[in-house]
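Okay, structure first, notes after.
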Amino acid sequence: MAGRDRLTDIGPGGAVGRALGMVVRRHRMVAAELLKPAGLYPGQELLMMYLWKSGPVRQADLIRNLGIDPSTVTKMLVRLEKSGHVARHTDPADRRAMLIEATPTSYELRSGIEDAWAALENRTVAKLDAAEHAELLRLLNKVTDALWDDE
(Lines give C-alpha, C1' and ligand atoms only; values in the text may rest on other atoms or scores of the structure.)
Protein backbone atom coordinates (compact mmCIF):
# COMPACT_ATOMS: atom_id res chain seq x y z
CA MET A 1 0.00 0.00 0.00
CA ALA A 2 2.78 2.44 0.84
CA GLY A 3 4.26 2.14 -2.65
CA ARG A 4 0.92 2.98 -4.21
CA ASP A 5 0.47 5.96 -1.87
CA ARG A 6 3.84 7.36 -2.88
CA LEU A 7 2.93 7.22 -6.56
CA THR A 8 0.23 9.85 -6.02
CA ASP A 9 2.76 12.13 -4.34
CA ILE A 10 5.48 12.39 -6.99
CA GLY A 11 6.17 15.04 -9.60
CA PRO A 12 4.30 18.18 -10.53
CA GLY A 13 0.56 18.34 -10.98
CA GLY A 14 -2.33 17.19 -8.89
CA ALA A 15 -2.79 14.13 -6.75
CA VAL A 16 -6.24 13.53 -8.28
CA GLY A 17 -4.84 13.24 -11.79
CA ARG A 18 -2.08 10.88 -10.66
CA ALA A 19 -4.55 8.76 -8.67
CA LEU A 20 -6.91 8.57 -11.65
CA GLY A 21 -3.98 7.56 -13.87
CA MET A 22 -3.06 4.77 -11.46
CA VAL A 23 -6.65 3.54 -11.32
CA VAL A 24 -6.99 3.60 -15.10
CA ARG A 25 -3.73 1.71 -15.64
CA ARG A 26 -4.58 -0.95 -13.05
CA HIS A 27 -8.16 -1.28 -14.32
CA ARG A 28 -6.81 -1.87 -17.82
CA MET A 29 -4.32 -4.49 -16.55
CA VAL A 30 -7.07 -6.40 -14.75
CA ALA A 31 -9.31 -6.10 -17.82
CA ALA A 32 -6.51 -7.56 -19.96
CA GLU A 33 -6.23 -10.54 -17.59
CA LEU A 34 -9.96 -11.17 -17.70
CA LEU A 35 -10.24 -10.76 -21.49
CA LYS A 36 -7.29 -13.02 -22.31
CA PRO A 37 -9.43 -16.20 -22.48
CA ALA A 38 -11.57 -14.54 -25.18
CA GLY A 39 -8.44 -13.59 -27.13
CA LEU A 40 -9.23 -9.87 -26.92
CA TYR A 41 -7.26 -6.83 -25.83
CA PRO A 42 -8.80 -4.13 -23.62
CA GLY A 43 -10.97 -1.84 -25.72
CA GLN A 44 -11.82 -4.47 -28.30
CA GLU A 45 -14.61 -5.81 -26.10
CA LEU A 46 -16.25 -2.37 -26.00
CA LEU A 47 -16.16 -2.21 -29.78
CA MET A 48 -17.68 -5.68 -30.01
CA MET A 49 -20.39 -4.88 -27.45
CA TYR A 50 -21.25 -1.76 -29.43
CA LEU A 51 -21.51 -3.73 -32.67
CA TRP A 52 -23.65 -6.44 -31.07
CA LYS A 53 -26.05 -3.79 -29.83
CA SER A 54 -26.09 -1.48 -32.86
CA GLY A 55 -25.72 -3.83 -35.80
CA PRO A 56 -23.73 -2.66 -38.86
CA VAL A 57 -22.33 0.83 -38.42
CA ARG A 58 -20.11 3.13 -40.44
CA GLN A 59 -16.51 3.20 -39.29
CA ALA A 60 -16.70 6.99 -38.81
CA ASP A 61 -19.75 6.60 -36.56
CA LEU A 62 -18.00 3.89 -34.57
CA ILE A 63 -15.06 6.23 -33.98
CA ARG A 64 -17.31 9.10 -32.93
CA ASN A 65 -19.64 7.06 -30.71
CA LEU A 66 -16.87 5.20 -28.89
CA GLY A 67 -14.69 8.31 -28.55
CA ILE A 68 -11.61 6.43 -29.70
CA ASP A 69 -8.78 7.73 -31.88
CA PRO A 70 -9.30 6.79 -35.56
CA SER A 71 -5.91 5.07 -35.86
CA THR A 72 -6.66 2.99 -32.75
CA VAL A 73 -10.02 1.91 -34.17
CA THR A 74 -8.37 0.98 -37.46
CA LYS A 75 -5.80 -1.20 -35.63
CA MET A 76 -8.57 -2.81 -33.57
CA LEU A 77 -10.61 -3.55 -36.67
CA VAL A 78 -7.65 -5.09 -38.49
CA ARG A 79 -7.02 -7.45 -35.54
CA LEU A 80 -10.71 -8.24 -35.07
CA GLU A 81 -11.16 -8.87 -38.79
CA LYS A 82 -8.14 -11.20 -38.88
CA SER A 83 -9.56 -13.15 -35.95
CA GLY A 84 -12.94 -13.42 -37.70
CA HIS A 85 -14.91 -11.29 -35.24
CA VAL A 86 -15.80 -8.38 -37.54
CA ALA A 87 -16.39 -7.88 -41.23
CA ARG A 88 -15.94 -4.65 -43.17
CA HIS A 89 -17.97 -3.85 -46.25
CA THR A 90 -18.44 -0.84 -48.46
CA ASP A 91 -21.59 1.05 -47.47
CA PRO A 92 -24.04 0.67 -50.39
CA ALA A 93 -25.51 4.11 -49.56
CA ASP A 94 -22.07 5.78 -49.75
CA ARG A 95 -19.34 3.85 -51.54
CA ARG A 96 -16.68 6.00 -49.81
CA ALA A 97 -17.70 4.75 -46.35
CA MET A 98 -17.06 1.41 -44.69
CA LEU A 99 -19.70 -0.52 -42.74
CA ILE A 100 -18.46 -2.59 -39.82
CA GLU A 101 -20.45 -5.50 -38.43
CA ALA A 102 -20.00 -8.31 -35.96
CA THR A 103 -19.71 -11.72 -37.57
CA PRO A 104 -22.06 -14.51 -36.52
CA THR A 105 -19.16 -16.39 -34.90
CA SER A 106 -18.28 -13.34 -32.76
CA TYR A 107 -21.45 -13.89 -30.75
CA GLU A 108 -19.72 -16.91 -29.20
CA LEU A 109 -17.54 -14.41 -27.30
CA ARG A 110 -20.44 -12.43 -25.90
CA SER A 111 -21.17 -14.30 -22.66
CA GLY A 112 -17.46 -14.55 -21.81
CA ILE A 113 -17.00 -10.82 -22.34
CA GLU A 114 -20.08 -10.01 -20.29
CA ASP A 115 -18.78 -12.28 -17.51
CA ALA A 116 -15.36 -10.60 -17.68
CA TRP A 117 -16.93 -7.15 -17.38
CA ALA A 118 -19.10 -8.25 -14.46
CA ALA A 119 -16.01 -9.65 -12.70
CA LEU A 120 -14.08 -6.44 -13.42
CA GLU A 121 -16.90 -4.30 -12.04
CA ASN A 122 -17.17 -6.46 -8.91
CA ARG A 123 -13.43 -6.29 -8.32
CA THR A 124 -13.35 -2.53 -8.95
CA VAL A 125 -15.97 -1.74 -6.31
CA ALA A 126 -15.33 -4.66 -3.94
CA LYS A 127 -14.20 -2.45 -1.05
CA LEU A 128 -17.03 0.08 -1.40
CA ASP A 129 -20.38 -0.06 0.33
CA ALA A 130 -23.52 0.81 -1.64
CA ALA A 131 -23.41 4.51 -0.70
CA GLU A 132 -19.71 4.81 -1.62
CA HIS A 133 -20.36 3.00 -4.90
CA ALA A 134 -23.14 5.45 -5.79
CA GLU A 135 -21.00 8.43 -4.73
CA LEU A 136 -18.01 7.22 -6.77
CA LEU A 137 -20.18 6.88 -9.84
CA ARG A 138 -21.68 10.34 -9.28
CA LEU A 139 -18.23 11.91 -8.88
CA LEU A 140 -16.76 10.11 -11.88
CA ASN A 141 -19.64 11.37 -14.01
CA LYS A 142 -18.92 14.92 -12.84
CA VAL A 143 -15.22 14.52 -13.65
CA THR A 144 -16.09 13.11 -17.08
CA ASP A 145 -18.41 16.04 -17.77
CA ALA A 146 -15.69 18.51 -16.73
CA LEU A 147 -13.13 16.88 -19.02
CA TRP A 148 -15.53 16.95 -21.99
CA ASP A 149 -16.73 20.57 -21.45
CA ASP A 150 -14.08 22.09 -23.72
CA GLU A 151 -14.99 19.98 -26.74
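Condition check ((1) of a type in the set (Gly, Ala, Ser); (2) modelled with pLDDT under 95; (3) open to solvent by 70 Å² or more (accessible area, probe 1.4 Å); (4) within 17 Å of the chain's Cα centre (by Cα)) across all residues:
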site	(1), (2), (3), (4)
TRP117	no, yes, yes, yes
LEU120	no, no, no, yes
ALA134	yes, no, no, no
ARG138	no, no, yes, no
VAL143	no, yes, no, no
Q) Just for the range 89-115: of the residues that are basic (Lys, Arg) and either loosely packed, with under 15 Cβ neighbours inside 10 Å or in contact with a His (Cβ under 7 Å, 6 or more places away or on another chain) (or both), which one is nearest to ALA32 (Cα to Cα)? A) ARG96
Q: Would you kindly identify the helices (runs of 4 or more DSSP H) lying entirely within the range 4-104 that contain at least 3 residues that are in contact with a Ser or Thr (Cβ under 6 Å, 6 or more places away or on another chain)?
A: 15-35
Q. Assuming LEU139 fulfils every condition listed in (1) touching a Gly at 6+ places or on another chain (Cβ under 7 Å); (2) within 21 Å of MET22 (Cβ to Cβ) apart from one, which condition is it?
A. (1)
Q. Being within 26 Å of LYS36 (Cβ to Cβ) and in contact with a strand residue (DSSP E or B) (Cβ under 9 Å, 6 or more places away or on another chain), is that true of even one residue in the range 120-132?
A. no
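The values are calculated or read from the model by the stated rules, or taken from the named source; none is laboratory data. Note that this is a predicted model, so its numbers are computed, not measured. Every residue, glycine among them, receives a Cβ derived from its backbone with ideal geometry; neighbour counts consider all protein chains shown. SASA here: full protein model, heavy atoms, side chains in, ligands and nucleic acids out. Shrake-Rupley method; radii C 1.70, N 1.55, O 1.52, S 1.80 Å.
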